[in-house]
Amino acid sequence: PGAFPQQVKTRIKPAMAFGTGTHETTQLCLQILEASIKGQERVLDVGTGSGVLGIAALQLGVSHVDAIENDPFTKENIEANLSLNGITSGFDLQISENPSLNPPYDLMVVNIIRARLFPILPHYFGAVRSGGKVIVSGLLVTEDSETRELLVRSPWKIIKPYTKNEWIAYLCEVS
């Protein structure tokens, strides 16, 4: 953030993949990423969709993004978005229901609706190093209490919730 005196602009080609940057949950993630990235972090982007969050993270100064998506139809869109933003390295995409992780990561971002998020989130509890950050988004404010119940069972401590309209995101720290 301090290394970027002007606003970072990420270009995204609208397609079937989620994440053009206009949805509140994506905006919350972008806001938290901008405030959290110090530079040279290794990032895990779970449910990358269009790749917008991983691309923005690279533009903000992270060293590497491992992006995970389960929808094979997103691959072409992600590749187009990487090209639109001049990204030729530092972004590794896995399209898989059972991805291979390369922990520990410094930061993880996951922006997925509750029905898909809750079953997979425990698989990622050990992916981020102690002291690292986790951004959890894609949730309605009305899902706050059940999300907090899930996060209490994780190694992540909620540092700050962020809201926009009826949506909520959490910045967590790994204990």
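Key figures
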{"read-out": "Qualifying position, being small (Gly, Ala, Ser), modelled with pLDDT of 65 or more and open to solvent by less than 50 Å² (accessible area, probe 1.4 Å), among 21, 54", "value": "54"}
{"read-out": "Residues of region 25-49 satisfying the condition of being in a loop (DSSP other than H, G, I, E, B) and in contact with a Lys or Arg (Cβ under 8 Å, 6 or more places away or on another chain)", "value": "47"}
{"read-out": "When residues of region 107-117 are limited to those that are open to solvent by 60 Å² or more (accessible area, probe 1.4 Å) and of a type outside the set (Lys, Arg), the one nearest to residue 51 (Cα to Cα)", "value": "113"}
{"read-out": "Hits in region 118-172 (condition: open to solvent by 10 Å² or more (accessible area, probe 1.4 Å) and in a loop (DSSP other than H, G, I, E, B))", "value": "125, 126, 153, 154, 155, 165, 166"}
{"read-out": "Yes/no for residue 2 being at pLDDT below 95, of a type outside the set (A, V, I, L, M, F, W, C) and open to solvent by less than 50 Å² (accessible area, probe 1.4 Å)", "value": "no"}
{"read-out": "Residue satisfying condition, being over 28 Å from residue 166 (Cβ atoms), touching a residue at least 24 places away in the same chain (Cβ under 8 Å) and not in a loop (DSSP other than H, G, I, E, B), within set 107, 58, 101", "value": "58"}
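The values are calculated or read from the model by the stated rules, or taken from the named source; none is laboratory data. Bear in mind the structure is a predicted one, so any value in this text is a computation, not a measurement. No Cβ is skipped: glycine too gets one built from the backbone with ideal geometry, and neighbour counts run over all protein chains shown. Just so you know, the surface numbers come from the protein's heavy atoms only, side chains and all, with ligands and any DNA or RNA stripped out. Shrake-Rupley method; radii C 1.70, N 1.55, O 1.52, S 1.80 Å.
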